[in-house]
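For reference, the structure discussed in these notes is given below.
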2 protein chains.
Amino acid sequence: MKAAKSARAAVETGTAGASSRERILQEAERVFGANGFDGAAMRQVAEAAGVPVALVSYHFGSKEGLYRAVFERRVPTVVEQRLAGLAIAMSEADLDRRLELVVKALVFPMLHLRAHDRDPSFGRVLAHETMDPSSEQRGFIRDMFDPVARAVVEALASALPGRTEEDIWWAYEFMLGAMVYVMGDAGRIERLSGGLCRPDDEEGAVRHMVAFLTAGVRHGAPPPATKSRRPLKSNKPKGGETDATGDVSKGRRQTEGRRAR
Amino acid sequence: MKAAKSARAAVETGTAGASSRERILQEAERVFGANGFDGAAMRQVAEAAGVPVALVSYHFGSKEGLYRAVFERRVPTVVEQRLAGLAIAMSEADLDRRLELVVKALVFPMLHLRAHDRDPSFGRVLAHETMDPSSEQRGFIRDMFDPVARAVVEALASALPGRTEEDIWWAYEFMLGAMVYVMGDAGRIERLSGGLCRPDDEEGAVRHMVAFLTAGVRHGAPPPATKSRRPLKSNKPKGGETDATGDVSKGRRQTEGRRAR
DNA sequence: GTATCTTGATCGTTCGTTCAATCAAGATTA
DNA sequence: TAATCTTGATTGAACGAACGATCAAGATAC
């Protein structure tokens, strides 16, 4: 056997047996999912996998290399399933049914992943990375998901003739947001709903999400833009106490290099 | 003047003039927004505010104290505006119009904040914290937003008699996800849509989001649950290459303490 | 004069990474 | 068959850098 003494921790987490590299990957997914990229420590991953830290660097080069490997292990499957679902949807002539199939092709592979995996860690990794501003500079999401995103939007547009491209893109963003939020959930949904909504219940999550998102994009055509629209409620801050909208400088540089790592 | 030499960086970022404490808070919001809690360094905040690191600890006690202060400066305004919007909505007898007002009461204060602030940093802070699994253990989101969340769901239910509580909660989660995603966006939406969708365009974002989410909850009643539902697409992994669903141990402990900080 | 704010320096810790040495097997040679 | 070489995997130890936190001394305000 390759890793003789191997992992005390890995035994507890059920990742024994596998090769060191695979064991590191599995534990990395869990640690990144629980703490995010910056909050995770390579020593944490190594200890969980029952290997010395140096072995992690040996296999994956760097922390970012390990992070990337976690994505490359999961994403292709999701993308393939989405594309397959889109192909099926496009072969549907009835546009109403096609629309629902497109939405399902978008959300199903993700929720299926969350529900059927060892644990929901990768969903959290993905959600974390999606909401991380430095995600754009790493480019994982862009490189891996942008193509299928465009394909989804095209499919949505085909099922909704007459709707503007802007409408479709907005709708896509809302769909993505809802999905990512559920994927990354760490218990808030279940706590708030008193156990009524469980993100790990694949059937229920898919059923509700597909229905909601399909209805949103189908019946959610926004009213035309108005140049001067009366504000619907007063925005004047009531108490000066917590208000801090100095609004000193409007044009502010968007990005700031994160600290050296 | 209090801070005599003061900030070279603060001048660039337009936060001069203000008191040291306020300047630290403003820069903290920006740094946390750009890097997340773990990715941000107190030295980074201090340098940007033009003060020594020790002064940050003096004013806010710890890094988490500073983080909390960033939330406490912004959240109450949003919560108050939401509650005010909900009150207005509940006074509307027409349930269709009430529903739209409730949705608007939920999303408007947030998008308004993003669009009218110095920069969209707080939205990113919020999105990051929302998607951070350790968020639950910090409890900011829970303590600050749970009450108003329940109020929103009650208002939604009042406008949708006959719908199950489960439906409403799911819909609420999808709304929240869509909103958080747009709030935390770091440019992906605009890039993907080719500039068609700009999260900073408050009017457009609110108009599209309210329309989509209102339609989603109104017309998105899911079909009844079926015990045995034929799968709509094959889930068998095609290539074993990237597949790694060992599925060794199902019951896995959900949480793992993050490393000491 | 007292209290609050501000400063520079420094503490102990943990981080990601690096390095030379060791081990386990095959493949190659005699 | 026995000895040698080769290659990739693994290990423990250590490096320099950056981290959050702390403290005593100084400056400022009232």
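Of the numbered criteria (1) at negative phi; (2) more than 7 Å from chain B (Cβ to nearest Cβ), the one A:Ala149 fails is (2).
Condition first: farther than 17 Å from B:Ile141 by Cβ, more than 8 Å from chain B (Cβ to nearest Cβ) and assigned to a helix (DSSP H, G or I). Can you find one or more residues in the stretch A:194-204 that meet it? For the stretch A:194-204, residues farther than 17 Å from B:Ile141 by Cβ, more than 8 Å from chain B (Cβ to nearest Cβ) and assigned to a helix (DSSP H, G or I): present. Could you tell me whether B:Ala87 is outside any helix (DSSP H, G or I) and either more than 10 Å from chain A (Cβ to nearest Cβ) or away from DNA strand D (no atom under 12 Å from the Cβ) (or both)? No: the conditions fail for B:Ala87. Out of everything in the stretch B:23-44 that is under 23 Å from B:Gly184 (Cα atoms) and within 13 Å of DNA strand C (Cβ to nearest atom), what residue ends up being surrounded by the most Cβ atoms within 10 Å (Cβ to Cβ)? Per the stated criteria, the residue is B:Ile24.
Taking the stated definitions as given, is B:Ser20 away from DNA strand D (no atom under 11 Å from the Cβ), hydroxyl-bearing (Ser, Thr, Tyr) and surrounded by fewer than 18 Cβ atoms within 10 Å (Cβ to Cβ)? No; evaluated as a whole, the condition is false for this residue.
Here A:Pro120 meets each of (1) closer than 22 Å to B:Ser134 by Cα; (2) open to solvent by less than 10 Å² (accessible area, probe 1.4 Å) with one exception, condition (2).
Scanning the stretch B:48-72 for residues that are near DNA strand C (Cβ under 9 Å from one of its atoms) and away from chain A (no Cβ under 14 Å) yields B:Gly50, B:Val51, B:Pro52, B:Ala54, B:Leu55, B:Val56, B:Ser57, B:Tyr58, B:His59.
Applying the condition of being open to solvent by less than 10 Å² (accessible area, probe 1.4 Å) and more than 7 Å from chain B (Cβ to nearest Cβ) to the stretch A:160-174 and asking which residue is farthest from A:Glu80 (Cα to Cα) yields A:Ile168. Regarding the stretch B:90-105, can at least one residue be identified that is closer than 24 Å to A:Glu129 by Cα and more than 8 Å from every other protein chain (Cβ to nearest Cβ)? No, the stretch B:90-105 contains no residue that is closer than 24 Å to A:Glu129 by Cα and more than 8 Å from every other protein chain (Cβ to nearest Cβ). For beta carbons closer than 6 Å, sequence separation of 6+ or different chains, a first residue in the stretch A:210-238 that is within 7 Å of chain B (Cβ to nearest Cβ) and a second that is at pLDDT below 90 and open to solvent by less than 90 Å² (accessible area, probe 1.4 Å), the qualifying pairs are A:Pro237/A:Asp243. With B:Leu86, B:Leu95, B:Leu101 as the choices, which residue is under 24 Å from B:Thr214 (Cα atoms), assigned by TED's automatic domain parsing to the domain that holds B:Arg163 and open to solvent by less than 20 Å² (accessible area, probe 1.4 Å)? Being under 24 Å from B:Thr214 (Cα atoms), assigned by TED's automatic domain parsing to the domain that holds B:Arg163 and open to solvent by less than 20 Å² (accessible area, probe 1.4 Å) holds for just one of B:Leu86, B:Leu95, B:Leu101, which is B:Leu86. Residues of the stretch B:109-132 that are in contact (Cβ under 8 Å) with a residue 12 or more places away in the chain and at the interface with another protein chain (Cβ under 7 Å from one of its Cβ atoms): B:His112, B:His116, B:Arg118, B:Asp119, B:Arg124, B:Ala127, B:His128, B:Met131, B:Asp132. What number goes with the only condition from (1) open to solvent by less than 20 Å² (accessible area, probe 1.4 Å); (2) in contact (Cβ under 8 Å) with a residue 40 or more places away in the chain that B:Ser193 does not pass? Tallying (1) open to solvent by less than 20 Å² (accessible area, probe 1.4 Å); (2) in contact (Cβ under 8 Å) with a residue 40 or more places away in the chain, B:Ser193 fails exactly one: (2).
A quick yes/no check of all residues on (1) in a helix (DSSP H, G or I); (2) away from DNA strand D (no atom under 13 Å from the Cβ); (3) on the phi > 0 side of the Ramachandran plot:
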position: A:Arg43; (1), (2), (3): yes, no, no
position: A:Val51; (1), (2), (3): no, no, no
position: A:His59; (1), (2), (3): yes, no, no
position: A:Glu64; (1), (2), (3): yes, yes, no
position: A:Tyr67; (1), (2), (3): yes, yes, no
position: A:Arg73; (1), (2), (3): yes, yes, no
position: A:Val78; (1), (2), (3): yes, yes, no
position: A:Arg82; (1), (2), (3): yes, yes, no
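List the pairs whose first member sits in the stretch B:58-74 and is over 12 Å from B:Met42 (Cα atoms), whose second member is within 14 Å of DNA strand C (Cβ to nearest atom) and open to solvent by 50 Å² or more (accessible area, probe 1.4 Å), and whose Cβ atoms are under 8 Å apart, counting only residues at least 6 apart or on separate chains? Here the result reads B:His59/B:Arg21, each pair linking the stretch B:58-74 to a residue that is within 14 Å of DNA strand C (Cβ to nearest atom) and open to solvent by 50 Å² or more (accessible area, probe 1.4 Å).
The values are calculated or read from the model by the stated rules, or taken from the named source; none is laboratory data. Quantities reported herein were computed from a predicted structural model and do not represent experimental measurements. For neighbour counting, all protein chains shown are included, and Cβ atoms are generated from backbone atoms with ideal geometry for every residue, glycine included. Surface areas here come from the heavy atoms of the whole protein model, side chains and all, with no ligands, DNA or RNA. Shrake-Rupley method; radii C 1.70, N 1.55, O 1.52, S 1.80 Å.
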